[in-house]
Amino acid sequence: MITIRKFQPDDFASVIEIEQKVFNEHDPFYYMKFYETCSEGFLVAEVNSIVAGFVVGYRVSEDIGRIFSLGVDPGYQNMGIGSALLKEINLRLNLSRVSEIVLEVRQSNVRAKRFYERQGFYVSGITERYYYDGENAYIMKLKLY
Ligand SMILES: CC(C)(COP(=O)(O)OP(=O)(O)OC[C@H]1O[C@@H](n2cnc3c(N)ncnc32)[C@H](O)[C@@H]1OP(=O)(O)O)[C@@H](O)C(=O)NCCC(=O)NCCS
């Protein structure tokens, strides 16, 4: 059974552990900053009281939301946790009246791109050399209304 709830400081170590397994590219400092500045959009997924995934989303402007990162522990992937986290963050951003949600995905991350497409996102462009190692990013969007 998957429970989605707001991040709490006690979850920090688990979130950073998952982050390092699946991305290993965001400074942990960002996550504390998100907690301080937009805790409404910082969610974790629990399975049997274990933090198995997280998502960070926030409003960039009046009507645009952005997903900063979404990660699920490799041992818990393909169980619907990523979809559940994405659904919940979309719902929360929708309630805060954003009309579209944007995110970036590495061009090599075929699986995440397909995952987001299944959730209704589409590729709206490419940002060249978006990542620190020079890789391009797909800009993906979801129209809420
Ligand atoms: C992308 C990511 C968040 C998806 O998380 P997830 O929990 O595995 O996602 P879900 O289980 O909801 O869906 C994944 C797949 O499992 C399938 N699935 C969902 N529930 C399932 C279930 N109960 N049984 C079997 N398969 C299932 C889905 O159809 C989906 O297929 P797809 O990959 O072809 O789209 C995860 O792979 C991840 O953390 N990747 C590394 C970090 C990353 O790339 N993040 C995205 C960029 S910000």
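What follows is calculated from the coordinates using simple rules that are stated; it is not laboratory data. Quantities reported herein were computed from a predicted structural model and do not represent experimental measurements. Quick reminder, even Gly has a Cβ in these numbers, built from the backbone with ideal geometry, and neighbours come from all protein chains shown.
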So which residue, out of 50, 81, 16, gets the largest mean-square fluctuation from a GNM of the chain using Cα contacts under 10 Å as springs? 50
Positive-end residue of 18, 122, 29, charge dipole of the chain with Cβ unit charges: 122
Cβ-derived FRET efficiency at R0 30 Å, residue 21 paired with residue 123, nearest 0.05: 0.70
For a label point 7 Å along the Cα-to-beta-carbon line of residue 91, residues of the stretch 67-81 with backbone N under 15 Å: 81
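Could you tell me which chymotrypsin sites (Phe, Trp or Tyr not before Pro) in the stretch 16-62 are loop residues by DSSP with no more than 13 other beta carbons within 10 angstrom of their beta carbon? Spell out each step's value before the answer.
On the way: sites: 23, 29, 30, 31, 34, 35, 42, 54, 58; in loops: 23.
Of the chymotrypsin sites (Phe, Trp or Tyr not before Pro), the ones in loops of the stretch 16-62 whose Cβ has at most 13 other Cβ atoms within 10 Å are 23.
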What dipole magnitude, in Debye to the nearest 20, does the stretch 2-143 give about its Cα centre under +1 on Lys/Arg Cβ and -1 on Asp/Glu Cβ? 560 debye
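Once the piece of chain linking residue 130 and residue 47 is laid out straight, how much longer is it, given 0.36 nm per residue of separation minus the C-alpha distance between them? List each step's numbers first, then the result.
Numbers: separation 83, 0.36 × 83 = 29.88 nm, distance 3.33 nm.
Contour length minus Cα-Cα distance gives 26.5 nm.
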Give me D for the chain in µm² s⁻¹, whole number, from Stokes-Einstein with Rh from the Kirkwood sum over alpha-carbon pairs, 4 °C and 1.567 mPa s. 84 µm²/s
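Which is the longest stretch in the chain that no exposed loop site breaks, taking sites as GluC sites (Glu not before Pro) with a DSSP loop state and at most 12 other Cβ atoms within 10 Å? Before the final figure, lay out each step's value.
Numbers: sites that count: 25, 62, 128.
That gives 63-127 as the longest site-free run.
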Relative contact order, percent, the chain [alpha-carbon distance under 8 Å, six or more residues apart]: 19 percent
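Select from the stretch 38-145 those trypsin sites (Lys or Arg not before Pro) which occupy a DSSP coil region and have at most 12 other Cβ atoms within 10 Å, ordered by residue number.
Details: sites: 59, 66, 87, 92, 97, 106, 111, 113, 114, 118, 129, 141, 143; in loops: 97, 129.
Within the stretch 38-145, the qualifying trypsin sites (Lys or Arg not before Pro) (loop, at most 12 other Cβ atoms within 10 Å) are 97, 129.
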